[in-house]
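Only one structure is covered here, and it is reproduced in the block below.
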Amino acid sequence: VQLQASGGGLVQPGGSLRLSCKASGIIFSINSMGWYRQAPGKTRELVATITSGSITNYADSVKGRFTISRDNTKHTVYLQMDSLKPEDTAIYYCSILYERADYWGQGTQVTVSS
């Protein structure tokens, strides 16, 4: 199983980005999918998760601004990020729970700066 994340970049405060993460090597249904982030000098933190039944969970810091979704036919999870703030700057990692194991993508850099 491999995860490939994309969609990061440089954006001004108030702007938007959409991250994607596609899983390959999948045979069975993926359980939960999620996004995490790690800012310089900080520990990795949860951003959002979505279950196989599309139940979502968000960190308080991103509620109302970020939306997580998934396309099971494409084994892909998305993170729509709106109203971005400088404090959202971090490396964003996708993760899935599949067949009772956790898998992680390589990370994609998101920088929010004017």
Which trypsin sites (Lys or Arg not before Pro) from region 16-114 combine a DSSP loop assignment with at most 16 other Cβ atoms within 10 Å? K42, R44, K63, R65, K74, R100
Answer with one residue from T76, M33, A90: the one whose Cα lies farthest towards the positive end of the charge dipole of region 1-95, charges on Cβ with Lys, Arg +1 and Asp, Glu -1. T76
Cβ-based net charge around S113, under 15 Å, with every Lys or Arg adding one and every Asp or Glu removing one: -1
The local net charge around A90, scoring Lys/Arg +1 and Asp/Glu -1 for residues other than A90 whose Cβ lies under 13 Å from its Cβ, equals +1
Output ³J(HN,Hα) for region 92-103: one whole-Hz value per residue in order, computed from phi by the Karplus curve 6.51 cos²θ - 1.76 cosθ + 1.60 with θ = phi - 60°, and x for Gly and Pro. 9, 10, 9, 8, 10, 9, 9, 6, 6, 10, 9, 10
Separation of alpha-carbon centers, region 9-37 and region 84-102, rounded to whole Å: 7 Å
Sticking with the crude label model, points 7 Å out along Cα→Cβ, report the distance from S61 to R18 in nm, one decimal please. 2.5 nm
Given the options S95, S69, S24, state which has the largest fluctuation in a GNM of the chain using a 10 Å cut-off (strictly under) for Cα springs. S24
Which of T73, T56, T89 ends up with the largest GNM mean-square fluctuation for the chain, with Cα atoms connected below 10 Å? T73
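Using unit Cβ charges (K, R positive; D, E negative) and no other charged atoms, how large, in debye to the nearest 20, is the dipole of the chain about its Cα centre?
Its charge dipole is roughly 80 debye.
Read-outs throughout are calculated quantities, based only on the coordinates presented, and are distinct from any laboratory measurement. Note that the structure is predicted; figures quoted are calculated from it, not measured. Because the Cβ atoms are built from the backbone with ideal geometry, glycine has one as well, and the counts that use them run over all protein chains shown.
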